[in-house]
Amino acid sequence: MRKKKAAAAAAPVPAAAKTKSAAAVPAAAKKKPLAAKKKAAAAVPAAKKKAAAAAKKRASGGTAGCRPRKRARDDNGDGDLISNLPDAVLCTIISLLPTKDGARTQAIARRWRPLWRSAPLNLDAKNLSTNDFKQPRRLQGRRPSTESIISRILADHPGPARRFDFRLPCISPTKREYAKSVAQIASWFQSRSLDNLEELHIHFPILRLVGPNPLLSSVLRFTSTLVVATVGYCDVSDEIAPSLNFPILKHLTLRYVNISVDSFHGVLSACHVLETLSLDGNSYNGSLHISSRTLRSICFSNCHMGKSELVIEDTPHLERLLCPWLDGEAIRGLVPTSFNNLICTVKVLALEFSCADLDAVLDVLRFFPCLEKLYVMWNKYLNTEMNNVRHYDPQDPIKCLETHLKTLVLKNYKGDKQDVSFAKFFVLNGKVLNEIKFGVSEKFNEKWVADQHRLLGVESEASPDLEFKHCSYYFRHSDTHDLSIADPFNNSFLAEDDALPVISCSSSSDEDST
């Protein structure tokens, strides 16, 4: 019996039985080995990746595979060359930036944070917007005033200061508000932040119906360090004037300042290196004498001279004399009556009259034999009379017309009989004149230009290379202190339009060229 069972167990299983047995195996049992294989296969590359990442982390000192750190803002990479500059250079750059931009450099990087406070302060009220400054929490909801912003900046910046500009004269309706404004300015001048101030521009507040008030004595604190000074809307008393001694001042502007002639002469004589002088809207009680061995540029505009005269004397280095808004009486007394005092250094001259007063202009030109550029402005609001235009006497020549005058610019040119007569004189007598610019105040076209060409008699011009330019004009008071500009009115006196006709006058051609 046992043998039969053993034999039956050893006997081969029929195919049908095998099929039935295989079918009886559960499906889950059949899939289990396949899933295990896939899982094992997936584990191999994952393990390799993990091992590679671990090796990379060990090689990088433990930082690889982590979230990249935000690069430090003060990390001086190869692309940030400016931050690699020395502190002294960076501070100079900051001091030349507008106030708001200079303060914002603190947010560039940790490297820049202390620089604004150590850079010379450049504080300009015109550059400050009240919207850019947050009020303290107790004052939130109120817009900060410009004055409060200035006070905050002076409190935050320890100094020294390079420039302080507060040319925002406020008109106070009450004495109390005026006194408050003056006291605030006085407190600024006492701030340590303005130590060693080099450039000061200050317009003082005005009390309504009273006018300017005395110059604050606290200004005297800066007299020894100032290189540039603008003072406006105040009275300079005879008592304080002797203390206005500026040993290194190079550029001075007095705007709507009441000062006696004697006091002005004293201030001018105490400026030992002064190069440019601008007098705008001031009142004088006598003839004003300008005498300086260092002056190179004088701008005298909108001043109330009355019957007084402006006398230029002993100015051996004077190059520019810009005198708009002076009446004929003052112009005629512009220079000494002695022909021994010719001013041979002046290259640019600007004059203004109520009309085309040729006689007055010629009287002035005789004192500037080396003049190269002449600007003549006609202002109908000036109360002067035109003298009879005389003929040019070759036996009594004006030297600049013979050898130096190359450019003539006429503002408010209308093209009437007086204007044409004035311009024609220079066409016929300017021997080296290269260009006449006509600043036309009214609309014009090519026909109008052609008529002007005919009236001016260009066929008889004294200079064969003379060119006419008719342009629309505008007048913007230029920076008369910038001596680096060869022409103080360049690109500001006339707004030229390339579409407007340009007439070239040449003796070699009888035809008009446009």
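The values are calculated or read from the model by the stated rules, or taken from the named source; none is laboratory data. Every value quoted in this text rests on a predicted model; they were computed, and no experiment measured them. With ideal geometry, Cβ positions are generated from the backbone for all residues, glycine too; neighbour counts draw on all protein chains shown. What goes into the accessible areas is simple: the full protein's heavy atoms, side chains included, and nothing from ligands, DNA or RNA. Shrake-Rupley method; radii C 1.70, N 1.55, O 1.52, S 1.80 Å.
Could you go through the stretch 300-320 and let me know if any residue there is over 21 Å from TYR233 (Cα atoms), crowded, with 21+ Cβ neighbours inside 10 Å, modelled with pLDDT of 90 or more and of a type in the set (A, V, I, L, M, F, W, C).
Within the stretch 300-320 (the criterion being over 21 Å from TYR233 (Cα atoms), crowded, with 21+ Cβ neighbours inside 10 Å, modelled with pLDDT of 90 or more and of a type in the set (A, V, I, L, M, F, W, C)), the answer is yes, since at least one residue qualifies.
Results for (1) in a strand (DSSP E or B); (2) open to solvent by less than 50 Å² (accessible area, probe 1.4 Å); (3) modelled with pLDDT of 80 or more, shown as yes or no for each residue.
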| residue | (1), (2), (3) |
| --- | --- |
| CYS344 | no, no, yes |
| LEU349 | yes, yes, yes |
| VAL361 | no, yes, yes |
| PRO369 | no, yes, yes |
| LEU374 | yes, yes, yes |
| GLU385 | no, no, no |
| TYR392 | no, yes, no |
| LEU401 | no, yes, yes |
| VAL409 | yes, yes, yes |
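Tally up the residues in the stretch 254-279 that are in a strand (DSSP E or B) and surrounded by fewer than 18 Cβ atoms within 10 Å (Cβ to Cβ), please. I'd like the intermediate steps shown before the answer.
Let us first name the residues in the stretch 254-279 that are in a strand (DSSP E or B), namely 254-259, 276-279.
The next check asks that each one be surrounded by fewer than 18 Cβ atoms within 10 Å (Cβ to Cβ); those that pass are none.
The total comes to 0.
Residues in the stretch 425-441: is at least one at pLDDT below 85 and part of a helix (DSSP H, G or I)? Steps first, answer last, please.
Narrowing the stretch 425-441 to residues at pLDDT below 85: 439-441.
Adding the requirement that they be part of a helix (DSSP H, G or I) leaves none.
For the stretch 425-441, residues at pLDDT below 85 and part of a helix (DSSP H, G or I): absent.
Please state which one of VAL231, VAL219 is in a helix (DSSP H, G or I), free of Cβ contacts under 8 Å to residues at least 60 places away in the same chain and open to solvent by less than 40 Å² (accessible area, probe 1.4 Å).
The conditions single out VAL219.
Of all residues in the stretch 191-216, which are in a loop (DSSP other than H, G, I, E, B), closer than 27 Å to PRO173 by Cβ and in contact with a Ser or Thr (Cβ under 6 Å, 6 or more places away or on another chain)?
PRO205
Quick one: TYR233 ticks every box in (1) aromatic (Phe, Trp, Tyr); (2) out of contact with any strand residue (DSSP E or B) (no Cβ under 7 Å at 6 or more places or on another chain); (3) closer than 26 Å to GLY266 by Cβ bar one, so which box is it?
Here TYR233 clears every test but (2).
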